[in-house]
Structures are given as C-alpha cells and as structure tokens.
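Heads up, the thing below is written out as structure tokens.
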Amino acid sequence: MKVLAGVLLGSSMALAALTFLRLRSKRDQSWHSGLPVFKLKNTNGMEVHISVFGAAILKVLVPDKTGSRADVVLGYGTVEAYERASPCTYFGVVVGRVANRIANARFTLDGTEYALLANDGPNSLHGGLKGLHKRVWEGRLIHGKDFEAVQLHYTSPEGEEGFPGTLHVYVTYRLSRDANELTTSIVATTDEATPVNIAQHSYFNLGGHSSGSILGHKLRLHGADHYTPVSTALVPTGEIAPVAGTPFDFTAAEPETSLPVHSIGSRIEQVPGAAPGGYDHNFVLFGMGPQARILTKNGMASEKPKLAATLVDPVSGRAMDLFTTAPGVQFYSGNFLDGTSVGKGGVKYGKHAGLCLETQGFPNAINEPAFPSVVLQPQETYHHEIVYRFYNV
C-alpha cells in the first residue's frame, strides 16, 4: 500500500521522507532485547523515546527554565509491564481502532451489526483487549534537515477485535530540531467501511512523572464551551451541553498572559459521578458546540492543527500547548490510578499522578447520530494530527 510521504510528514518534509532509513537507533536493553527503542533528540535538550510496542511514547524529557530536565510522561520500565498491566493503564500508547468507549460493545454499519469484545464492563474501550496498544508495530527512523522522526506502521486485519475491514495505520512522531515541539501524525486507510478514531494516550505531569499529583496544574481548553455528559458507565448520553457555570468550564484565561485560570483540583470535587470521581469527559473544541457534526469534515475539525489546550505547572514553570485537527479532547485526570501501577524507576503512580488530553472523535460516535461521524470509507484517508509544544512560564 502506498501512503504519500507528504501526508505522513507534511508537504515541507516530503523530500526528506523519501530517504527513509531502517533502524539505526540505540537499543535500550533494559526495555526488551528484541524490541528497539527510538531516541529522538533536539538542540534544546528535549528527548523523546518511542517503542514499537503499542507505538508508545515512553519518555519525554523537557528542560525547565534553569535547564533542569524532567521526564514529563508516566510509563513503565519494561515491555513486559505494558503487556501484563491489569487493569490496563494505556500509558503513552496509541489506542484504537476506536478510542474511548463504544456502548454495549456493538454497533451497526451499513445494515450489519458488529459485536465487539466488552473490556470495560458492558462496553468496548480503546479498541478492545488487544487493540493497537497491544500490537508490535514496524518502525523506521527518519533524519530530516530540521527534525528527527520515527514512523511506525501496523496492519490490522479484517475482523481483528470484531471490526470490519483491513486497516493500515501509520503513526509518525516528529521532533523539531530547534524547537521543543513534538508532532504526532496518524494516518489510516481501509478496504471496507469501518469506524476509526485513533488517539495518543500519554499521561502528562509537567513537574515530572515522579513528582506526585497534577491537581495543582492549571488547564485551559480553547473554545471548549460544550462537553458531552456521560452515564454512570462513562459513556456519553448523546447530549452536547454547555460548560458555563459548571466545573467543566476550563475556558478562562488570565487577561495579560492568556494562561489558564483554573487549576485541575479547584473544582474536581464538584464533578458529578460515582467513585473514584474526577474528570473523564470529552470536550467539544473550537467553539463548534452542537454544530460539531456539521463542521467536522472527514473526522477533522480543521485541516491544520489548531490550539486546543494549554497546561501549566506553576511549581516547575513548565507549560505545554496542545494543537490538534480533531473535534474533541478527552480530559482524564488519572482517577483510576491507585498506587498499584509501578512505573519507571519503581515509582508508584497514585491517584491523579498524571492527566491525559486525548484528542479524538467523540466517544460512542458510531452509535450517536448527533456526533461527528467516525466511519472511514475505502476511498478516504483518516488523518489526525497532534502537536505538543513545550515551554516555560
């Protein structure tokens, strides 16, 4: 199958993409002797480690304003931990074919009902028990003039986890050489109509993965004046509701700096829902509100990534802007982490040790006619781009 280099890496990188090189990256033997780890570095001291298992982001080392680096994503130290983690935490992996939840683990497409594996109560979560996050991908390293990148490929065969069609998925992680900017590009094609909603599932803690709670982090969700309320099973009810006057309103910004006003912990106790509580909700981006289905084209709210979120850790001074082409973002405040997940360096990740900002199509969209469609047709190309821009305040 052909996938244009310009689609995967951006038109400005098409020429560099023609010089794909097979692995020459260093292998981290403590990770797994048979699976390589790609290490991307730039001139500012930022470093990103990528695994072929689950297309996972293993580490993101980012300096603060004094130059002190910290690993700002949660994760495990061995591939075996990723394979065996129960319950699955999805640290840093790519999830799909359909990220988030599909109600009752079933959907109907073109008159045929498809039954999926229920791995979250009665629902399907993140593509099933062995979705993209549990697969070994093919990988290659790319050296460009102003970037280093890793491209990963996986072919999901017809019927895998119950989904129709053969799906070819490409994920490219690109680190800018002179800017602390990591771009994730996800491209997919199919030979049969099938739902596709692929997300990157990193947990961030800008103080460092071992620094404790993220409740003091401040968050702004740009244009997220609506969200999708959920049932007790965390499946959207189908409603698209305004956030004004609720603990879901993260639109406020400081007038002089445009930085976030609200800390994550300031209103978390007001979030409705059963234990363990907290945020695990999809927000409608870019002011689209109830018109999101009409405004979203081919799964994209825009052809180029737009600013969707700003996250700030007041203690370390590290900040991150998140850009995306997707219409929604799942803000998850690490509610189910309970200290039983032992991560890198033996760190036990407790409740709220990290947060996720998973840009995506809407959860359960395949069963909700008011939500933007997530159905990919054979003549179409799925494209989802995410940019993480790190800086200090």
(message) Can you give me the C-alpha center-to-center distance between region 35-108 and region 246-297, rounded to a whole angstrom?
(response) 24 Å
(message) Binning at 10 angstrom from zero up to the longest distance, how are the C-alpha pair distances of region 116-267 distributed in percent?
(response) 9, 23, 31, 28, 8, 0
(message) Not counting ligands, DNA or RNA, and with a 1.4 Å probe, what is residue 259's accessible surface area in Å² rounded to the nearest 10?
(response) 40 Å²
(request) Mind giving me the FRET efficiency for residue 192 and residue 315? R0 is 51 Å, r the Cβ-Cβ distance, nearest 0.05 is fine. (result) 0.55
(message) If you roll a 1.4 angstrom probe over the protein chains with everything in place, what fraction of the accessible area of region 81-146 belongs to carbon and sulfur, to the nearest %?
(response) 47 percent
(request) Can you work out the accessible area per residue across the chain, with the rest of the protein chains kept in place, probe 1.4 Å, in square angstrom? (result) 39 Å²
(request) Compute the length gained on full extension between residue 270 and residue 254: take 0.36 nm times their separation in residues and subtract their Cα-Cα distance, giving the result in nm to one decimal. (result) 3.5 nm
(request) Enumerate the aspartates and glutamates that residue 39 could reach by cross-link, defined here as Cα to Cα under 12 Å, with residues fewer than 8 away along the same chain left out. (result) 28, 47, 148
(request) Please compute P(r) over all alpha-carbon pairs of the chain, binned at 10 Å starting from zero, and give each bin as a whole-number percent. (result) 5, 25, 36, 26, 8, 0
(message) Connecting C-alpha atoms closer than 10 Å in a GNM of the chain, tell me which of 272, 363, 255 has the biggest fluctuation.
(response) 255
(request) Working with all protein chains in place, sort 348, 145, 218 by solvent-accessible area computed with a 1.4 Å probe, largest first. (result) 145, 348, 218
(message) Please enumerate, by chain and number, the aspartates and glutamates with C-alpha under 20 Å from the C-alpha of residue 304, excluding those fewer than 8 residues away in the same chain.
(response) 146, 181, 321, 358, 380, 385
(message) As a test of reading the structure, rank 65, 344 by solvent-accessible area (1.4 Å probe, protein chains only), most first.
(response) 65, 344
(request) Determine which lysines satisfy two conditions relative to residue 218: a Cα distance under 21 Å, and not lying fewer than 8 residues away in the same chain. (result) 65, 306, 351
(message) Which one, 332, 384, 350, projects farthest toward the positive side of the charge dipole computed for region 317-393 from Cβ point charges (K/R +1, D/E -1)?
(response) 350
(message) Per DSSP helix of 4 or more residues, -39500 (n - 2.57); summed, then divided by the residues of the chain. What does that give at 222 nm, rounded to the nearest 500?
(response) -1000 deg cm²/dmol
(message) As a test of reading the structure, rank 387, 315 by solvent-accessible area (1.4 Å probe, protein chains only), most first.
(response) 315, 387
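The values are calculated or read from the model by the stated rules, or taken from the named source; none is laboratory data. Quick caveat: nothing in here was measured; it's all calculated off a predicted structure. No Cβ is skipped: glycine too gets one built from the backbone with ideal geometry, and neighbour counts run over all protein chains shown. Ligands, DNA and RNA are stripped out before the accessible areas are found, and what is left, the full protein with its side chains, is counted by its heavy atoms. Shrake-Rupley method; radii C 1.70, N 1.55, O 1.52, S 1.80 Å.
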